[in-house]
Amino acid sequence: MRQIRVGIIGCGMITRTFHVPAIVRFPELKIEAFSDINKSWADEMAVKYSAPYAFSDYGEMIGKIDMAIVATPNAYHTSISKELLKAGINVLCEKPMGISVEECEEVAKAEKDSNAIFMVAHSRRFASNVMLLKKFLDEGKFGDLRNIELKLGHSHKQWITRSGFSFKKEQAGGGVLIDQGIHLIDLLIWFYDGEIKVVSIKGKDMLGYGMEDIVEAEFLLDNGGKAVISSSRVDEWENLCKIEGTKGWAHFHIDDKTYLLVESRKIRGCELLGAIQFKTPLTNIYQEQLKCFIKHIKKNKKPPISADEAIKGIRLMNYCYEKMELSK
């Protein structure tokens, strides 16, 4: 079977640290081209990974690749994805899918009009502890969800982008909410499939860029329950997340992807032992994400994080920004 030719658009930290190391683990994939507005970065990656092509204009990839990873600053995700889909190229787009609902809806239309597969890289879904938790949720092990607390706090000093786009609002679209918080919004929507409304949201501009560096948002679930998401890019947090339902509860760790603590009479063992800690497999979430994407390309089947699915998170994120109270 012919290898799938891959083009990577954007040669920053996420590409170098996670996407390319994941790609090279799959023999069915062949890195064909790199593209970056800073062509020296593309040249560097092409030499390192023996790719035939390096471009400053991603459009030159069209006709040379079957699949693309879009890992540019947020403001360019939708325009690039839309053009590639129209050319029949399968697209794995870094989160967030885009900045506005309207531009994301244009990508969704391009996805529907194309024979190509589109998926958003919400990598946190692919952690083994989160996947097991989702299985339990789908099986109704915890009953109706009443309380959800999701946390993600990492200092910006631990993740310095090559271009510095995260602190340029016109390129990033916002601060920590669109950067780290979008992971939590995606998990919230994935865990709870009912209507979710923003009650309040407060952000603090700690670094002086006119964007939120710490954020806390409270949501109302349509079953009367509540959810809170918190994120920071100035501090290191424990990042322990919690869900509580009418028939049990669970704690899982965002960073320790093997940790899941549950209590539910509907889970075997809990009736005798009480809370049980599961040690789930230590897997690479970027490899698992890529495996999912490749599978759906081969089957020509809509993936789980399609444009329509990702738009739900963008819509909720935009509601958050509309209500946000930003202070110093």
Toy charge model, Lys and Arg Cβ at +1, Asp and Glu Cβ at -1: the chain dipole around Cα centroid in debye, rounded to 20, equals 1000
Taking a straight Cα-to-Cα line shorter than 20 Å from Lys204, and setting aside same-chain lysines fewer than 8 residues away, one finds Lys151, Lys157, Lys168, Lys169, Lys323, Lys328
Only helices counted: for the chain, with every DSSP H run of 4 or more residues adding -39500 (n - 2.57) and the sum spread over all residues, [θ] at 222 nm is -8500 deg cm²/dmol
Rounded to the nearest Å, the spacing of the alpha-carbon centers of the range 216-237 and the range 17-89 is 35
So the angle from the long Cα axis of helix 128-138 to the longest Cα principal axis of the chain, reported in degrees to the nearest 10, equals 60
Among Tyr58, Leu145, Val47, the residue whose Cα sits farthest towards the positive end of the charge dipole of the range 20-164 (+1 at Cβ of Lys and Arg, -1 at Cβ of Asp and Glu, taken about the Cα centre) is Leu145
Packing-ranked peptide list from 267-280, 192-205, 91-104, highest mean Cβ count within 10 angstrom first, is 91-104, 192-205, 267-280
Length gained if Asp205 through Asp222 is fully extended, taking 0.36 nm per residue and subtracting the Cα-Cα distance, is 3.0 nm
Listed by chain and number, the lysines with an alpha carbon less than 27 angstrom from that of Lys298, same-chain partners under 8 positions apart left out, are Lys30, Lys64, Lys82, Lys86, Lys95, Lys109, Lys112, Lys134, Lys135, Lys312
Placing each pseudo-label 7 Å from Cα in the direction of the beta carbon, Leu326 and Lys247 end up separated by a distance in nanometres of 4.4
Longest principal axis of the chain (C-alpha) makes with the long axis of helix 101-113 (C-alpha) an angle, in degrees to the nearest 10, of 60
Here the range 76-128 gives, from Cα atoms, an Rg and Dmax in Å of 11.0, 34
Here the residues of the range 270-289 lying in the modelled label zone of Lys301, meaning backbone nitrogen under 19 Å from a point 7 Å along Cα-to-Cβ, are 288-289
Of every Cα-Cα pair in the chain, the percentage lying beyond 28 Å is 42
The chain: antiparallel bridges as % of DSSP beta bridges, rounded to 5, reads 50
Percent of all Cα-Cα pairs per 10 Å bin for the range 4-123, counting from 0 up to the last occupied bin, reads 15, 50, 31, 4
For the range 1-32 the trypsin sites (Lys or Arg not before Pro) that pass both the DSSP coil test and the at-most-15 other-Cβ-within-10 Å test are Arg2, Arg25
The aspartates and glutamates whose Cα lies under 20 Å from the Cα of Lys202, excluding any fewer than 8 residues away in the same chain, are Glu149, Asp179, Asp186, Glu212, Asp213, Glu216, Glu218, Asp235, Glu236, Glu322, Glu325
Computed on Cα atoms, Rg of the range 194-328 relative to 2.2 N^0.38 Å comes out at 1.30
Scoring the range 101-259 by relative contact order with C-alpha pairs under 8 Å, at least six apart, yields a percentage of 32
Simple spin-label estimate for Glu271/Lys291, 7 Å along Cα→Cβ, in nm, reads 3.3
Sorting Leu84, Ile31, Ile9 by the position of each Cα along the dipole of the range 4-123 (Lys, Arg +1; Asp, Glu -1; all at Cβ), the one nearest the positive end of that ordering is Ile31
The helix 77-86 Cα axis meets the longest alpha-carbon principal axis of the chain at an angle in degrees, between 0 and 90 and rounded to 10, of 60
Cα-based Rg/(2.2 N^0.38 Å) for the range 141-214, rounded to two decimals, is 1.31
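Just so you know, all these numbers are worked out from the coordinates, no wet-lab data involved. Model, not experiment: these values are computed from the prediction. Note that each Cβ is placed from the backbone with ideal geometry, even for glycine, and that neighbours are counted across all protein chains shown.
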